Amino acid sequence: MIDPFGRAISYLRVSVTDRCDFRCVYCMAEDMVFLPKKDLLTLEELDRLCGAFIRHGVKKLRLTGGEPLVRRDVMWLIRRLGEQLGQGLDELTITTNGSQLAKYADELFAAGIRRINVSLDTLDAAKFAAITRWGKLPAVLDGVMAAKQAGLHVKINTVALKGVNEDEFDGLIEWCGAQKFDLCLIETMPMGEIGEDRTEQYLPLSLVRARLNRRWTLTETDFSTGGPARYVSIAETGQRLGFITPMTHNFCESCNRVRVTCTGTLYMCLGQDDAADLRAPLLASEDDGLLDRAIVEAIARKPKGHDFIIDRRQTRPAVRRHMSVTGG
Ligand code: SAM
Ligand code: SF4
């Protein structure tokens, strides 16, 4: 699949549920209303949908959410997709908040997953409870260690939050260095109403990087996962540190990805509202002809880039949907 700007689309992110066992302050309002269960595609339908994308050239699949590991029987889907590894699919990964990892780490490895992203914004239990509202740090740390033990490569994703975790990046770098995890820092993005003012949360990573430079020897690398992160290597730990800066750096030129939600809506860009409905063609027939056509038509309208509003005084979100709909 080549889009109108010559970008090969080889990466699909699938949000398998919009539900979550946490309520992170930058992601959701505490009283989030979730989709009625009947609107969700079944796991069998998600499997078929992913199969169609793999036929169209998707090589890398990431399951996300909401929290992917809270969807009932999600391991069935993961095992099914794992069977496609080496049969067109090169990599199957997940992004998780880690709360269920202690339970699932071995099964994930057995299904063919080799690397996972775990979102962790702080190593301080009280702050963790404040950021996630409902999360418990020890359970997540147990999960991360179980993943490591199971042989999974762990990358930690940390959202940089002004006045909340900005004093902790040195500690996170040290901890990740000791555990041999890579770390990626992310700027907050204005997605969905969260019942709070986002300008209070925004911390530009240019500032963070300038501060980190005083303590760590950071060297530019050309390492890329085909995504928006710019990586440096940290001489003192030997690990990589990524920066995802959607607000201050435009990462769209090399975008290789699209996102599908648990209701079968395909978003061609994280920062745009345009979407294609794949549920109707998926359910209309057992034959994939209609679905294939809908996918090809949608890729043909993938936009050039996002419209995140750089003016931070703007308090309304740039896109209406929450990150938990498309999974980041
Ligand atoms: N629940 C899983 C997790 O937390 O890893 C997967 C879904 S979560 C929506 C995916 C990633 O998006 C997480 O790393 C989270 O920190 C990030 N995220 C959520 N809302 C965000 C926002 N408004 N701006 C930037 N990152 C956000
Ligand atoms: Fe849940 Fe992930 Fe959103 Fe936090 S960031 S509320 S863990 S979906």
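Stretching V296 away from E236 to a fully extended chain increases their span by 16.9 nm, per 0.36 nm per residue minus the current alpha-carbon distance.
Residues in the chain average 43 Å² of solvent-accessible surface per residue, probe 1.4 Å, ligands and nucleic acids excluded.
Charged side chains reduced to their Cβ positions (Lys and Arg at +1, Asp and Glu at -1) give the range 11-326 a dipole of some 260 debye around its Cα centre. Other residues lying with their Cβ under 12 Å from the Cβ of R79 contribute a combined charge of -3, Lys and Arg counting +1, Asp and Glu -1.
Using a cutoff of 8 angstrom between alpha carbon atoms and counting only pairs six or more residues apart, the relative contact order for the chain works out to 22 percent.
In this structure, F5 and D39 have a Cβ-Cβ separation that, at R0 = 35 Å, corresponds to a calculated FRET efficiency of about 0.65. For the pair the range 256-302 and the range 193-255, the centres of their Cα atoms are 30 angstrom apart. Full extension of the segment from E196 to W134, taken as 0.36 nm per residue of separation minus the current Cα-Cα distance, would add 20.6 nm. Averaged over residues, the count of other Cβ atoms within 10 Å places the peptides 102-113, 256-267 in the sequence 256-267, 102-113, highest first.
Taking the accessible area of the chain, probe 1.4 Å, and keeping the other protein chains in place, the carbon and sulfur fraction comes to 51%.
In order along the range 137-142, phi translates into HN-Hα couplings of 4, x, 5, 5, 5, 4 Hz, rounded to whole numbers, per the Karplus curve 6.51 cos²θ - 1.76 cosθ + 1.60 with θ = phi - 60° and x for Gly and Pro.
Shown in residue order for the range 27-41 are the 3J(HN,Hα) couplings computed by the Karplus curve 6.51 cos²θ - 1.76 cosθ + 1.60 at θ = phi - 60°: 9, 9, 7, 5, 9, 3, 9, 9, 5, x, 4, 5, 7, 6, 5 Hz (x for Gly and Pro). To the nearest ten degrees, helix 169-179 and the longest principal axis of the Cα atoms of the chain are 70 degrees apart. Scanning the chain for cysteines with no neighbouring cysteine C-beta under 4.7 angstrom from their C-beta gives C20, C50, C176, C184, C252, C255, C262, C269. Whole-Hz Karplus values for the range 160-167 come out as 7, 10, 4, x, 10, 10, 5, 8 Hz, taken residue by residue from phi with 6.51 cos²θ - 1.76 cosθ + 1.60 and θ = phi - 60°; glycine and proline positions read x.
Computed extension gain for A284 through Q149, at 0.36 nm per residue and net of the alpha carbon distance, reaches 44.2 nm. Using a cut-off of 25 Å between alpha-carbon atoms, which lysines can reach K148, once sequence neighbours fewer than 8 places away in the same chain are excluded? Those lysines meeting the cut-off are K59, K60, K103, K127, K136, K180. Residues K59, K180, sorted by accessible area with the largest first, give K180, K59 [1.4 Å probe; ligands and nucleic acids excluded]. Inter-label distance, R79 to D277: 3.4 nm, where each label sits 7 Å from its Cα along the C-beta direction.
The order of the peptides 38-44, 319-325 by mean Cβ neighbours within 10 Å, most packed first, is 319-325, 38-44.
Secondary structure note: in the range 11-326, about 30% of the DSSP beta bridges are antiparallel.
Highest mean packing first, where packing is the average number of other Cβ atoms within 10 Å per residue, the peptides 118-125, 142-149 line up as 118-125, 142-149.
The values are calculated or read from the model by the stated rules, or taken from the named source; none is laboratory data. Everything quoted here is computed from the prediction, not taken from an experiment. Note: ideal-geometry Cβ built from the backbone for every residue, glycine included; neighbour counts use all protein chains shown. Surface accessibility is based on the protein's heavy atoms, side chains included, excluding ligands, DNA and RNA. Shrake-Rupley method; radii C 1.70, N 1.55, O 1.52, S 1.80 Å.
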